[in-house]
Every structure is written in C-alpha cells, then in structure tokens.
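Sending over a structure as structure tokens; questions will come in a sec.
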Amino acid sequence: MNVQDQEAAGSASPLSAAVEERIRAEVGRYPQRRTGLLPALKIAQEETHFLPPPVIARVADMVGVSHASANELVTFYSMLRTKPLGTTVVEVCAQLPCALRGADELLGLLAAALEIEPGDTTPNGAVTLLRSHECFGACNRAPMCVVNDEYRENLRGKALEAFLAEVETAAGLEGQTS
Amino acid sequence: MAEALPPVTVIIDGQEVRVPKGTLLIEAAKKAGVEIPVFCYHPKMKPVGACRMCLVDIQKMPRLQTACTTPVSEGMIVHTRNDRATAGQKAVLELMLANHPLDCPICDKGGECPLQDNTFKFGLGVSRFTEPKRKLAKAIPLSERIVLDRERCIMCYRCVRFQDEIAGDQALAAMDRAGTSQIGVLDGETFDSPFSGNTIDLCPVGALLSRQYRFRARPWDLQRTPSICAGCAVGCNVELHARDRALQRMVPRENMAINNEWLCDFGRFDTLPLGIERLREPAVDGQPTSWAEALESAAELLRSGPTEVIVSPSITNEALNAATTIARELKAGLGVWPATTGQVRRTIQDLVTSKTIILLGLDVWRALPVLALRVREALKAGGKLYFVGAGANGLWRDTSATFATVEELVQALTHDGALPQPISILGWGADALGDELAAEGMVGSPATAANGAAMTGLPKATFEAPVQLLVGNEDWPLRSSASARIQLRWSAAGDAADRPSIVLPLAHPYEQTGSLINLEGTVQQLHPGAAAPAAAHPDWLALAELAEALHISAAPDMETNAALA
C-alpha cells in the first residue's frame, strides 16, 4: 500500500476537506514528506483545537509516517495538545527558579482549588491547569504562571490568595471550597 | 560495504590493537578482548549513546566518553577499568536502578538480562537510594504477542530503532519526553509489525516480553537446539528452546548468508506446535490402532486402487525422497499441494549487495518476511527498489517507483542507460526480465513454502485418484471423488466431513531430523528441539515404514536417516 492508497482507505476523515487540502499543499513543499509532519499537525490543530488519536492517525497517513511516529512528535511538543483545553488556561512555570520559590506548592494549591490534577481540565470545561515544560523568563518574579497568555507573578501571600479566588471564580467554583 | 580504511593502533587497557580508522571504540575493545558494558548499543544498528553505560576514560579527553559513539584514532589510549571509568559506570547503573524495579525473581528476562549481568559485573552492589521507586503501568498488552512493562524500561530505544532502521515501519516510538518518556504506540492502537518479536530479543531488560513464552520457563532450565524455521522458504536459522523436552519458544540464530539475525513473527510464534491439538495415535476409520495395523491397512489400500501421492511443500527432503519411491513403485501419480515451488539464480547474499531490486508483483514483506529485511539492507547500502503490479507491497515505504507493467518499467528506467548492477528481480516472469536486463543479482520466482525449492518440477496435485496418500500438515481440499485417504500429519485432522480413512501421526518439524532446501538452494538440517508425542514419527520414518509395509525397498539414504533417529 502506498501513501495514496492509505489516504483513500481512511474514508471518514476527522478533518475538513479544506484543512486536508492545506495539509497536502504544505507537505508537498518539502523534499522529504515527513519533514512536513510538524506543520501538518499544526494546521490540523487549528481546526480541531487539540489532537485526538483519529486526527493524529489521519495526518500521519497523509504525510506517510507511522501513527506511532506522529504520536511521538505530538507528545514531545507541548504546544501540540492531546487533550481539549478549557476557556481559561493556567500554565504554572515549574522550572528551577520557580521551583525553588514554591512552584510545586502553587501548582498543588491550584489543583486543590480546581479539584483536578495538573494537565486536566475542570469537568465544566472552564479551566485547564498545566505544568509548564519551559521557562517563561520571569524568574525574577517567581513563582509565576501564565493565564491565557497573561503573566501573573510573585504569587505568594495576599497576591496568591487573590489569584486563587480569581481562578475559582473562572472555574465557577467560588464559595464551594471556602 | 565500506572500503577498508587505513588501520590505526589504539591501546585499550594496555592491549595494543590495530583496527581500521573510524572503527567504533566499542568494536575495537571487542577485538582487544576487553568487555565494555552496553545497553543501547547494538552492532546491527546505528549508535545513539543514549544509555551512557559504556563510559570509558580516554587519555587527553577531559571527560568520560561513550565507547559506542567514539571512533578510534591513531595512538588513542583508553582505560575501561581505571577508577574514573568504573566510577562513571557505577554511577550510570546506580541511576538506572534508582527506578528499575527489583522484580527479577518474577521477570522473564531474569537469567538472560544485560541489566542484571552488568549490575553484577560493573555495578555498585548496593543502592544508596532510600526514596521510593516510580510506579508505572506493568504488563501492558502492546499487541497479541507482546507485553510492555513501563517500570522496567530504561529507554535505550533499541526497539524503536529496530522498527525504524531494520523493519522500517516505525511501529514503535518514544512518547512524551524527559523523565516521563516511554515506549508506545498511538492510543487505542496496537504494536503491529510482522517483525515485532525481534524487539523482545533486543530489549536489554524485561520491558518487552513475549506473551506466548511469559512465565513458561527460566533461561537456565532451557535446552537449546539449533534448527531451521519451517515457516517459509527463507530458512531462517533458529534456536529451539525447550523445558523438560517441551518446546517453549524459538529465537533467531545469526547467519549472515540467510536471515542476518532476524526472525519474523509468523515464524517465531505461529510455527510452534503450541496450543494446537496434536494427532497422537494412528487411526483407521476413526478407530485408534497401532502403527503396525495402520500401516498394514494403508498398504492394502494403496495397492488396491489407482493412487495419487500428494506431498506438502513443507515436508523434508528425506520424506519427499521416500514419497517419490513409493509413488514410482506403485506406479501412482505424484503431485504437490499447494503449488508454491520455485527456483532462483544466485543467493540471498547477491540480493543484499544489489544496487537495483525489482519485485514483480511479489509482496516479499508478507510472503517471505525476513527476505524483505534483507532487501532493506541492500537499499540502505544505496540500492533502489521498484515494484511492478497493482497488488499489495509491504515495502511501499522503501519503493522508489511502482509501475503497472514490466514494459513501463523498462521504458522508464532504461532510457538513460542501463540500471546499476547487480540487478535482482523476484517474482513471476523474473527470468525473462533478468535475461533482458542481463541481471547479475538474485533472479527468479522464489518458493514460499519451507521446502518448496525441493519440489521444483513436481506437478500440482490433481486429487482425482480414488486412493490418496496425503503427506504433510496441510488443510487438504475436500474431494468427494476419493474413496480412501491416508493422511500423515502432526495436527489433529480438522474437518469431520473429510474424515480420512487412515491417519498416521507425524512429529512436528521442530521435533525431528531431516533437511530442507531454502529458496536459494541451501540445504539445511533440522534438529529435534523437543520431544514429539510418543506415537508420532518423523515424516521420513513414517514413509519408510509405509514403504516397508508395501515391500518396497527403502532408498539408501533412508537407512542413513533411520540411523540418525
């Protein structure tokens, strides 16, 4: 079976025809098709917001790599998501300076307040809590986190209390825990 | 093959050794008789330096280096057992064992485990860690054949590299990253590759294990017998492992001329007579009886009517010889079924060194799996693969171009001059195309059955004679025209509607001596790796006895074989 046959075999695609066309065009730009896997996954994620196994499988078939290889790439890069994200995304920096200033404690408090594990989303889909893989470059104001691309810094004492209350509100959980 | 580079002299633990420039230090050490411990390094695959086990002290280098990724240079002085090197090795092992469970007593790998061996030989002896070990999923079924233990995995990537470099299907990959990195497949899928079993052999810990063999034996209890895989015409060299004379598993043996060091899953798992109901005693009309009586009845039947002797292409040469003698003396027809005979010119070695390989509709990947791996070796050395036909081609990832017809291929590929030699051509019509292109590689339509190459020239069986002597373990087609059928087989006859008049139990190919001819014409010996059921006889012995019951004198080599039994 060659690449084209594999494409034909997957009858009901989880991607729209327009996105598939974009992926095909993008992959065609590279001398080696597999080089196009990363941009292809990014294009797919624009439409599906995250990459569940059927989407990964479809993109892998279109590029001509194994499903396992595509999943390897998806799980390696934190900006390729394997789970749907909530409306509010709270990403706690857990790199060394933040860790020394209590990042894990912050993460634990947020997890307890949201009643979820880091990496998960509240059942109502409101808030996703993430542990960052990379430094945000705000070490001088550690511990910190990023809420929907906005920095929240020096999260200790009163600032922390206010932040926790804000996150609980965002999650629709206020009044339940305190 | 790389041209021989000028030799350089290196000194490893005081041993002077001369090796070609560019040789990896680990291989140079092997030549000097110095053992450097490894996990991720494997001579058949590219080095990655992932596990850090092979740290050595090289003079004038500020830090310890991995011997598996360092090419030697002139005058290099290496210490593998000085204080610095051993401290590094001990540290690597200690960190590896920080999270590796100490469940060796219940681990299948125990006793043949590089991690166990290296820990005893190069490790610290005790752990200084007091922290609890990581808890991860254990015994995850990756496929019907393989389980994965995530706690035991040390992330050496040998399995991932095998599927990528050798099999080429990338069926396994490393998911996630850093401390949470692990081997896996896409969620909801299984580890499907016709070569997945090789990752069990390659795994240096008990992370990838065979579901068929798991918990059935310990390595030190196994009797090991070199033999030949009876799965297909490649004739892979194997070792049969039995416990208390009962077969437990089969592993490949290296033979660079035939199977390199690999085995396909079909051969490794599905050719073993495990979980298959055996035919345990001779029977006449469904009634169990003795060999003597069954042979008498069979001889009577065979003399009574027009007979056809039908052989499976997987029986041994010795059995084929006896069947031929019987057919000749009875003036009976002799045929083979299923017809999978074939012949090739030149050898697998010529295929591996080919610069051009053309497959004429032959899906080597499925029909002769290990031969597909040998094709890939040729491609890695710069060869090109072309496929002709609309059928399936398991090597599609490696195929440079696919053509509808031979004419199209010739037109497209030869207009700029001749294709690079040696050219290998496999499949129907290979001989004609081989002549046209003056091919210097392996050319022909290879047999696919274990001894198919020996059956060349035998007509296809007709199943028309009223008395049929069926030799071998095949699912023989139903024929109402037969009034009597005599079957010699090792598995219990399946179909009640096709109940043969007489059945004689055979030993499985892994329980008997005999020889098979592989697709390139190499004669290889089977050796019994396990005990056959008490009443089962080797195929050639059963036929010799039948010949005797028919008062046909056995051919001279039959006596030789009787002496071997």
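Read-outs: derived from the displayed coordinates by stated rules, not from any lab. All values derive from a computational prediction rather than experimental measurement. Glycine gets a Cβ as well: all are built from the backbone with ideal geometry, and neighbour counts include every protein chain shown.
How would the stretch B:134-215 be classified by its alpha-carbon gyration tensor: rounded, prolate or oblate, with rounded meaning a/c under 1.5 and the a/b versus b/c comparison settling the rest?
Here the stretch B:134-215 falls in the rounded category.
Could you pull the Rg and Dmax for the protein assembly as shown, using just the Cα atoms, both in Å?
Gyration radius and largest Cα-Cα distance of the protein assembly as shown: 31.5, 105 Å.
B:Gln182: net charge of surrounding residues, Cβ under 14 Å, Lys/Arg +1, Asp/Glu -1, itself excluded?
Local charge sum for B:Gln182: +1.
Give the peptides B:308-315, B:14-21, B:152-159 in descending order of average Cβ contacts within 10 Å, highest first.
B:308-315, B:152-159, B:14-21
Working from Cα positions, state the angle (0 to 90°, nearest 10) between the long axis of helix B:291-304 and the longest principal axis of chain B.
For B:291-304 against chain B, the angle is about 50 degrees.
To continue, here is another question. Can you pull out the chymotrypsin sites (Phe, Trp or Tyr not before Pro) in the stretch A:48-114 that DSSP calls coil and that have at most 15 other Cβ atoms within 10 Å?
Values: sites: A:Phe50, A:Phe76, A:Tyr77; in loops: A:Phe50, A:Tyr77.
Passing sites in the stretch A:48-114 are A:Phe50, A:Tyr77.
In addition: Rounded to whole Å and sorted largest first, list the principal axis extents of the Cα atoms in the stretch A:88-170.
34, 27, 20
Next question. Using only atoms on other chains, find how many Cβ atoms lie within 10 Å of each Cβ of peptide B:157-164 and report the average.
Partner-chain Cβ atoms within 10 Å, mean over residues of B:157-164: 1.
What does the average come to when, for each residue of peptide B:178-186, you count the partner chain Cβ atoms lying within 10 Å of its Cβ?
4
When DSSP beta bridges are limited to those with both residues in the protein assembly as shown, what percentage is antiparallel, rounded to the nearest 5?
On the way: 51 of 94 bridges.
Around 55 percent antiparallel, to the nearest 5.
Given H placed on each backbone N at 1.01 Å, which residues far from B:Leu334 in sequence or on other chains put an amide H within less than 5 Å of it?
Those qualifying (amide H under 5 Å, at least 5 residues apart or on another chain) are B:Val309.
In whole Å, what is the distance between the alpha-carbon centres of the stretch B:128-184 and the stretch A:43-83?
20
Return the whole-Å distance between the Cα centroid of the stretch B:18-68 and the Cα centroid of the stretch B:435-482.
If you average the Cα positions of each part, the centres end up 50 Å apart.
Take the alpha carbon atoms of the stretch B:7-97, find their radius of gyration, then divide it by 2.2 N^0.38 Å using N residues; give the quotient.
Output field value: 1.00.
Rg(Cα) of the stretch B:226-270 divided by 2.2 N^0.38 Å?
Details: Rg = 10.2 Å, N = 45, 2.2 N^0.38 = 9.3 Å.
Against the empirical 2.2 N^0.38 Å value, I get 1.09 for the stretch B:226-270.
Can you classify the stretch B:59-177 as rounded, prolate or oblate using the Cα gyration tensor, where a ≥ b ≥ c are the square roots of its eigenvalues, rounded means a/c under 1.5, and otherwise it's prolate if a/b beats b/c and oblate if not?
Details: a/c = 2.32, a/b = 1.34, b/c = 1.73.
Oblate, because a/c is 1.5 or more while a/b does not exceed b/c.
Could you work out the percent of alpha carbon pairs in the stretch A:3-76 separated by over 20 Å, rounded to a whole number?
Of the Cα pairs, 17 percent sit more than 20 Å apart.
Need the C-alpha centroid separation for the stretch B:204-229 versus the stretch B:527-547, integer Å.
26
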